[in-house]
């Protein structure tokens, strides 16, 4: 194993895993190569109660393996590894993520500015799963991260890193609130920024996402693990909606247009409005989404772009509905003294 250069920021890779054997045979070897080349100090795999041989594979590949002692969830597993990691920086990598060969070098460079507390990268635009929902979901993630501001207002733990000292001082991930994979990384990023830390988005630190998305797990994850808890975090913080990523002001406008488009479609089918009104709403929807529509076309062709753009309108509707639900529950809680989730 090559030695780390003197004075170089040292990196501990942390991968929480629960029954990730089918992914780890692809995601671990690049990380172990980085360790052999001296680009990372160690690769820690936290086995969170797997029953599929994940721990054995990690041991066979030479990883440092910890056992969680029970199902802690990804946040708890990362916290456990963060306590014992030896690196200056903790690099969180999900088990279904394959980092690009140059990721470690580019990630370390992001910490050359001492004011930067955390950095994160992006999925690439070539997901191996070719079914519609996997391509749509991963491409949307890539699109938003490559349009976002470099001075980020959030954090992403799929391929994100944080200075170990800052992580420990922040108390790690909030495992009391987020027992399952959710927005524990976004909430951690919120606390880091509130404490005065800076987070940078490094678009060129890329990785390939191996997860296969289907309609069912996509909708459940998007609404109950992302949209609703994120809406609660935004409302409870009192800081307002950040003008970045997929919640910025332009995205809020597109959500309104998506609602108009959907209502005009229903009204046209019921004969309540003429075809011309629906066509106008469809053209408006196309205009405000022209950039992402062209992105979909470049990556998947015309038919994929049409289907992805239409599903994206559904995404806007259920995301806005989730936010409206959280606002409603807050109002009801105040009016009727109902205890609502935080």
Cα gyration tensor shape for segment 56-213, rounded if a/c is under 1.5, else prolate or oblate: rounded
Acute angle (nearest 10 degrees) that the helix 73-84 long axis makes with the longest principal axis of the chain, alpha-carbon atoms: 30 degrees
Distance (nanometres) between label positions extended 7 Å along Cα→Cβ at residue 51 and residue 224: 2.0 nm
Estimated FRET transfer efficiency when R0 is 35 angstrom, pair residue 165-residue 101 (beta carbons, to 0.05): 0.80
Angle between the chain longest axis and helix 132-147 axis [Cα atoms, degrees, rounded to 10]: 80 degrees
Mean residue ellipticity (222 nm) of the chain, computed from DSSP H runs ≥ 4 via -39,500 (n - 2.57), nearest 500: -16500 deg cm²/dmol
Span from the segment 1-73 Cα centroid across to the segment 81-101 one, whole angstrom: 8 Å
Distance between segment 313-329 and segment 108-183 - C-alpha centres, whole angstrom: 23 Å
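Bear in mind these aren't lab numbers, they're just calculated from the coordinates by the rules spelled out. What you see is a predicted model; the values in this text were computed from it and never measured. Here the Cβ is made from the backbone with ideal geometry for all residues, glycine too, and neighbour counts use every protein chain on show.
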